[in-house]
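Single-structure report; data block below.
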Amino acid sequence: MKLNLDVEKNLNKFLGKKLINGKKKIKSGRNNKGVITIRHRGGQVSRLFRILNLKYFFWNIIGIILKFVYDPNRNTPLMLVCYLNGILTYGLAIKDLKIGQFIFIGDKVFEYKKSIKNLTNFFFNFQNGSLINGLENRFLSGAKFVRSAGTVAVLLRSDRTSNRVLVRLPSKEERLFNSKCICTLGQIANINHFLFDISMAGRSRHLGIKSVVRGVAMNPVDHPHGGGQGKTSGAGGFRSQVTYKSKVAKGQPTRTYGKFHTFIVKTRKSKLLQ
């Protein structure tokens, strides 16, 4: 299916008012008080923010894919979907979907035609071994997990009695989810993104990443590794490597477990939680 030029022109004019929300704010690593909390950030190219349908506002409805568009705010393309109620939304593009293909979002049971693909549904409606993405952490909280380019999760086991499903995430972590949460079938598009090479410093600056200065090249007032006579190896040759705040930089766990860490069955390092 190929859009007419006049239709596409009017469509882009409409999208500029509805689905594209002005400029994305660039904070250059600063918090609400103006204090730098993330170093080496700034100088990002101005970009527009696309509003995505990640909370599944529509249910039991058929849509058609109009086109795929580039999104500068993420590493995966977006697909523009028009639903039967006439509303247009952006969504994360799924691998092997094509322009003009019909998709269905919901759990309504009817005889699907071959041209209609059931994308979004509850966990318990998918079979074991299904490849899924856009996982909800809590019911109606929106897609939180598996949204990056080329990522996919595997539904390992579903238990109707306990309303829990076991999912293996792309990090090889196995986690329990509520079976009444919503997910999307398939793999995120742009599976070759891991082959992407920045190849030059200017592209990093356009992405908002500034150059990083080594601690041993600084003065003692600027970094714990600074100072010394001539060149010094490692962390100055007298201490373990630390950050500019004197915290251990090598081998120290940085992950903080929240109130949902009890749902982790198997960690990323293949060690069972004690």
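Suppose R0 equals 22 Å. What FRET efficiency, 1/(1 + (r/R0)^6) with r the Cβ-Cβ distance, do Val221 and Ile36 give to the nearest 0.05?
0.85
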Legend entry - For Tyr90, Tyr257, order by how many other beta-carbon atoms lie within 10 Å, fewest first: Tyr257, Tyr90
Legend entry - Amide H contacts of Asp107 (H built 1.01 Å from N, under 5 Å, at least 5 apart or other chain): Asn60
Inset, instruction - In a Gaussian network model over the chain where Cα atoms closer than 10 Å are linked, find which of Arg138, Arg203, Arg175 has the largest mean-square fluctuation. - result: Arg203
Inset, instruction - Could you list which residues have their amide H under 5 Å from that of Lys144, counting only those 5 or more apart in sequence or on another chain, with H placed in the peptide plane? - result: Leu135, Glu136, Asn137
Legend entry - GNM result for the chain, Cα springs below 10 Å: residue of Lys95, Lys247, Lys27 fluctuating most strongly: Lys247
Legend entry - Two-site FRET efficiency, Ile51 against Ile116, from Cβ-Cβ distance with R₀ of 30 Å, rounded to 0.05: 0.75
Legend entry - Value of relative contact order over the chain, rounded to a whole percent, pairs C-alpha under 8 Å and six or more apart: 15 percent
Inset, instruction - Read through the labelled values (1) 0.95; (2) 0.98; (3) 1.05 and report the label of the one computed as Rg/Rh (Cα atoms, Kirkwood Rh) from the structure. - result: (3)
Legend entry - Label-zone membership for region 179-213, site Tyr244, 7 angstrom Cα→C-beta point, backbone N under 20 Å: 204-213
Inset, instruction - Tell me the chymotrypsin sites (Phe, Trp or Tyr not before Pro) within region 107-180 that lie in a loop according to DSSP and have at most 13 other beta-carbon atoms within 10 Å. - result: Phe110, Tyr112, Phe139
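Dipole magnitude of region 77-221 about its Cα centre, charges +1 at Lys/Arg Cβ and -1 at Asp/Glu Cβ only, in debye to the nearest 20?
Values: 20 positive and 8 negative charges, 33 e Å.
Around 160 debye, computed over region 77-221.
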Legend entry - Exposure proxy order (Cβ contacts within 10 Å, fewest to most) of Leu155, Leu66: Leu66, Leu155
Legend entry - DSSP-defined antiparallel bridges as percent of all bridges, the chain, nearest 5: 90 percent
Inset, instruction - For every helix of n ≥ 4 consecutive DSSP H residues, a contribution of -39,500 (n - 2.57) applies; sum these over the chain, divide by its total residues, and give [θ] at 222 nm rounded to the nearest 500 deg cm²/dmol. - result: -2000 deg cm²/dmol
Legend entry - Signed unit charges on C-beta, dipole axis of region 5-185, positive-most listed residue Gly29, Ile64, Leu92: Gly29
Inset, instruction - Enumerate the calculated ³J(HN,Hα) couplings along region 66-78 in order (Karplus 6.51 cos²θ - 1.76 cosθ + 1.60, θ = phi - 60°), each rounded to whole Hz, writing x wherever the residue is Gly or Pro. - result: 8, 6, 10, 10, 8, 10, x, 8, 8, 9, 10, x, 10
Legend entry - Label point distance in nm, Tyr70-Leu207, each placed 7 Å from Cα along Cα→Cβ: 1.5 nm
Inset, instruction - Select from Leu195, Leu166, Leu78 the residue whose mean-square fluctuation is largest in a Gaussian network model of the chain (Cα-Cα springs shorter than 10 Å). - result: Leu195
Inset, instruction - Starting with the fewest neighbours, write out Glu136, Glu173 ranked by other beta-carbon atoms found within 10 Å of each beta-carbon. - result: Glu173, Glu136
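Every read-out reported here was derived from the displayed coordinates using simple, explicitly stated rules and does not represent laboratory data. Since this is a predicted model, take the numbers as computed values, not measurements. When we count neighbours, we look across all protein chains shown, and the Cβ atoms used for this are built from the backbone with ideal geometry, even at glycine.
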